[in-house]
1. Among the numbered criteria (1) within 14 Å of another protein chain (Cβ to nearest Cβ); (2) over 27 Å from A:GLY82 (Cβ atoms); (3) without any contact (Cβ under 8 Å) to a residue 12 or more places away in the chain; (4) not hydrophobic (A, V, I, L, M, F, W, C), which single criterion is violated by B:ASP24?
2. Report the residue count in the range A:41-66 for those that are within 10 Å of the chain's Cα centre (by Cα), of a type outside the set (D, E, K, R) and either under 26 Å from B:ASP106 (Cα atoms) or surrounded by 23 or more Cβ atoms within 10 Å (Cβ to Cβ) (or both).
3. For the range A:75-111, name all the residues that are in a helix (DSSP H, G or I), acidic (Asp, Glu) and surrounded by fewer than 14 Cβ atoms within 10 Å (Cβ to Cβ).
4. Give the range B:1-36 a look and list any residue that's of a type in the set (Asp, Glu), assigned to a helix (DSSP H, G or I) and more than 13 Å from the chain's Cα centre (by Cα), or say none.
5. Quickly run through the range B:38-62 and pick out the residues that are more than 21 Å from B:LEU114 (Cα to Cα) and in contact (Cβ under 8 Å) with a residue 40 or more places away in the chain.
Protein chains: 2
Amino acid sequence: MNPRIPILKLYDCLLISIQWELDDQTALQFQEDLLREIHETNASGVVIDITSIDFIDSFIAKVLGDVIDMSKLMGAKVVITGIQPAVAITLIELGIRLENVLTALDLEKGLEKLHRELGD
Amino acid sequence: MNPRIPILKLYDCLLISIQWELDDQTALQFQEDLLREIHETNASGVVIDITSIDFIDSFIAKVLGDVIDMSKLMGAKVVITGIQPAVAITLIELGIRLENVLTALDLEKGLEKLHRELGD
């Protein structure tokens, strides 16, 4: 069974906590699931928490960058929370700057930032 | 890789969304993970959303009943949300009454019920 990443809907936000290293297939499945979920729920915000991830490879980093851009195109604001030092280093070294992406320390702060941005 | 069920910490609550049928090993791993997480985070409430589950067997039902009792022993209130008709039927037919367990229709209502119970 290929594990899928659960996407929780809480009011007008989607919450995702990635708690294990993703393989390529799971990452692509996640991308598809998240975009479908944004469409179906009319979510206006997405918080992706990657606190548990302490290693990211170039493929996963690209998928993550892509899914953020795609979500934005669909009208949802994305906050990435819990980027570990090693992940930040990898992202910058890979040239993935996640520009214009909101980031926060943890899920709570991410949600607060999102609500401020959405003007709640 | 054996998939684990992500447990999200949001303020003093833990949120879990079970979005696929559990196999026995994953269910036991979840039980262990949840209890450890309650201990580590001092969470006072837990919401387990099973909206996506439309079939539950006797082993999984027992693990779910057990984890609720265990969480209570550790001092955390548990709300189960999104019990589907077929799951409700199975639970009652198996004699698992989830007595004294709070239930709610969805994650939002579950959190609200939990906050009322916790007196927030």
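Read-outs: derived from the displayed coordinates by stated rules, not from any lab. Keep in mind that what you see is a predicted model, and the values were worked out from it rather than measured. Quick reminder, even Gly has a Cβ in these numbers, built from the backbone with ideal geometry, and neighbours come from all protein chains shown.
1. (3)
2. Residues in the range A:41-66 being within 10 Å of the chain's Cα centre (by Cα), of a type outside the set (D, E, K, R) and either under 26 Å from B:ASP106 (Cα atoms) or surrounded by 23 or more Cβ atoms within 10 Å (Cβ to Cβ) (or both): 5 in total.
3. Selection gives A:GLU93 alone.
4. B:ASP24, the sole residue that qualifies.
5. If the condition is that a residue be more than 21 Å from B:LEU114 (Cα to Cα) and in contact (Cβ under 8 Å) with a residue 40 or more places away in the chain, then no residue fits.
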